[in-house]
Amino acid sequence: MSGADHDQVEVAGEVDLALAAAYDARAAEYVALAGTLAQMDARDAAVITAWRDSTRGRLLDAGCGPGHWTGVLAHGGRDIRGIDLSAEFVATARTRHPGIPFEVGSFRHLPLDAGSLGGILAWYSLIHSPPSHVPDILAEFGRVLAPGGSLLIGFFEGEPRERFAHAIAPAYFWSADALAAVLAETGLEVVSSESREREPGEVSTRPHGSLIARSTPG
């Protein structure tokens, strides 16, 4: 590993530690505000459910939080696991879904074999990653996806890579086109995307975006 690469790994680790601490400190507040399926918008649930049903094989909820979307992915007996930086979130997820394996960790380096997953959900879990780190994260997702595997990303839509003040930690806007360009470099092709403004009563007021990308079929 070169000196520059080593420095980048160290910075990424520091980002992860700071983010974990920030979410651990406010986990109870977050769970009360946005920790159940009932608090989510029905349109998001429809997108995630339809994506789940379009996939085959094992699924990963990357940045699972307290596990509300992991439970949706597990419907029908799907083989699903969750991973999150926040130990407090993982503890809540394990309590709520004792039959699903959850672990504390970073999805920068997933403890999974290459080509072992049929799908990855990254629902608003890339928003705090500095834009310069996102290509490596998406490359790691591509590594563990099986040929033809699918990735669903949820994000705040806005000027790509622009930083904004999030309640927990600094976050970044993206667009489907900007993410598609990064995904293409990792062998993942965007096959669909959607965006919408928020409705009164939603947890966030910032515009929503999501996209589905697939790895090259074998």
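Values in this text are rule-based calculations from the coordinates and carry no lab data. For clarity, every value in this text was computed on a predicted model and none was experimentally measured. Backbone-built Cβ (ideal geometry, glycine too); neighbour counts: all protein chains shown.
The modelled label-to-label distance between Ala46 and Leu33, using points 7 Å beyond Cα along the C-beta direction, is 2.7 nm. Rg and Dmax over the alpha-carbon atoms of the chain stand at 16.2, 50 Å.
Taking Ile168, Ile80, Ile127 as the candidate residues, the one with maximal mean-square fluctuation in a Gaussian network model of the chain, Cα springs under 10 Å, is Ile168. In this Cβ point-charge picture (+1 for Lys and Arg, -1 for Asp and Glu), the chain has a dipole of about 660 debye about its Cα centre. Roughly how many whole Å is it from the C-alpha centroid of the stretch 35-86 to that of the stretch 159-218? Distance between centres, Cα-based: 17 Å.
Which of Ser54, Gln39, Ala28 sits farthest toward the positive end of the charge dipole of the stretch 25-64, with +1 on the Cβ of Lys and Arg and -1 on the Cβ of Asp and Glu? The one lying farthest along the dipole's positive direction is Ser54. For Asp136 and Ser116, a Förster radius of 30 Å and the Cβ-Cβ distance give a FRET efficiency of 0.95, rounded to the nearest 0.05. The simple spin-label model puts a point 7 Å past each Cα toward its Cβ; for Glu197 and Asp53 those points are separated by 3.0 nm. Springs between alpha-carbon atoms under 10 Å, Gaussian network over the chain: tell me which of Ala46, Ala22, Ala34 tops the mean-square fluctuations. Checking each option, the largest mean-square fluctuation is seen for Ala46. In plain terms, the chain from Thr205 to Ala165 could stretch by 13.1 nm, reckoned as 0.36 nm per residue minus the Cα-Cα distance.
Relative contact order for the stretch 3-215: what is it in percent, counting Cα pairs under 8 Å that are at least 6 residues apart? The value is 17 percent. Exposure proxy for Trp69, Trp174: other Cβ atoms within 10 Å of each Cβ, ordered fewest to most, give Trp174, Trp69. With springs only between Cα atoms under 10 Å, which of Gly187, Gly119, Gly65 fluctuates most in a Gaussian network model of the chain? Looking only at Gly187, Gly119, Gly65, the largest GNM fluctuation is found for Gly187.
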